[in-house]
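The values are calculated or read from the model by the stated rules, or taken from the named source; none is laboratory data. Bear in mind that the values here come from a model prediction, so they are computed numbers and not experimental data. Cβ sites come from the backbone with ideal geometry, for glycine too, and all protein chains shown count toward neighbours.
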Number of protein chains: 2
Amino acid sequence: MIEINQTYTYDFKFSQEDVTLFAEVTGDKNLVHLDADFASKTVFKRPIIHGMLGASVFSKVFGVMFPGEGTIYLKQSLNFLRPLYVDVDYEAVFTVTEVISKKNTAIVETIVKNKLTGKLCLNGEASIMNEDKIK
Amino acid sequence: MIEINQTYTYDFKFSQEDVTLFAEVTGDKNLVHLDADFASKTVFKRPIIHGMLGASVFSKVFGVMFPGEGTIYLKQSLNFLRPLYVDVDYEAVFTVTEVISKKNTAIVETIVKNKLTGKLCLNGEASIMNEDKIK
């Protein structure tokens, strides 16, 4: 059962192959994600992961882990604070800030930080519904 | 150049193959996206597209079309109002609501609606930066 102040953490990283596949399926073929030469001339210096690929970790965790099966995604805000890079270890941290029992809904703070440096890369807030696990 | 009240529309649809590939690359293998039998027993009745796959259309358009190359994604809010299904025609509509010249930044209203019924499925607001195209 989801409770207020509950936290969940999930470690992840993406490879260049993941990024290339994400570009194929979404059609988002911005060269800053795919071409090291091109990326080297941008402010990022090397290829960055699509913001939505990074954010997909929130969807994955909600859908299959915390709270898991039956979760309906209602809202998500995303602040892209720092780029995510391939082959770097990140940690997603989820903190339940509010439970609205009569709507089977919870508000969850969602962040991604660099596992090594602790620097915050992505933050935001989600609203999720789950009739079995949020009461 | 991006100007206030400017709009851009983009038509898209996703196949079940796209959804399966998205599940592979993100690890979001919630059965509601992948298994028609499972989905038939949920409130959705048939497999739904991952919310972040639907939302990736915003990232794609900003990164490669409007305003295109050089765009840096700062923020995106997402309200998942209705599910998106495979093989259905959708229209993404972008409306520039604010231009902050000194920061080369624009606020853009982003929506996805069913092309046939006009029903709103996804809405939100983006903040993007582009040094060449937002002045």
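List of remarks:
- Qualifying positions in the stretch B:11-26 - in contact with an Asp or Glu (Cβ under 7 Å, 6 or more places away or on another chain) and either within 11 Å of chain A (Cβ to nearest Cβ) or among the hydroxyl-bearing types (Ser, Thr, Tyr) (or both): B:15, B:25
- The listed residues are B:3, B:24, and the only one of them that is more than 16 Å from the chain's Cα centre (by Cα) and over 26 Å from residue A:61 (Cα atoms) turns out to be B:3.
- Residues of the stretch A:27-37 that are more than 7 Å from chain B (Cβ to nearest Cβ) and over 18 Å from the mean Cα position of the chain (by Cα): A:31, A:32, A:34, A:35, A:36, A:37.
The rows are residues; the columns are (1) touching a helix residue (DSSP H, G or I) at 6+ places or on another chain (Cβ under 7 Å); (2) modelled with pLDDT of 95 or more; (3) surrounded by fewer than 17 Cβ atoms within 10 Å (Cβ to Cβ); (4) not in a strand (DSSP E or B).
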| site | (1), (2), (3), (4) |
| --- | --- |
| A:70 | no, no, no, yes |
| A:82 | no, yes, yes, yes |
| A:87 | no, yes, yes, yes |
| A:117 | no, yes, yes, yes |
| A:127 | no, yes, no, no |
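- Number of the condition not met by residue B:63 [criteria: (1) closer than 23 Å to residue A:71 by Cα; (2) facing another protein chain (nearest Cβ under 8 Å)]: (1)
- Only one entry in A:45, A:13 is more than 30 Å from residue B:121 (Cβ to Cβ) and either touching a residue at least 60 places away in the same chain (Cβ under 8 Å) or aromatic (Phe, Trp, Tyr) (or both), namely A:13.
- Number of the exception - residue B:1 against (1) more than 9 Å from every other protein chain (Cβ to nearest Cβ); (2) hydrophobic (A, V, I, L, M, F, W, C); (3) in contact with a His (Cβ under 8 Å, 6 or more places away or on another chain); (4) in contact (Cβ under 8 Å) with a residue 40 or more places away in the chain: (3)
- Note on the stretch A:38-57: residues that are out of contact with any Cys (no Cβ under 9 Å at 6 or more places or on another chain), more than 8 Å from chain B (Cβ to nearest Cβ) and part of a helix (DSSP H, G or I) amount to 3.
- Residue count, the stretch B:36-58 (criterion: buried (at least 24 other Cβ atoms within 10 Å of the Cβ) and of a type in the set (S, T, N, Q)): 1
- Condition met for residue B:108 (crowded, with 17+ Cβ neighbours inside 10 Å and within 12 Å of another protein chain (Cβ to nearest Cβ)): no
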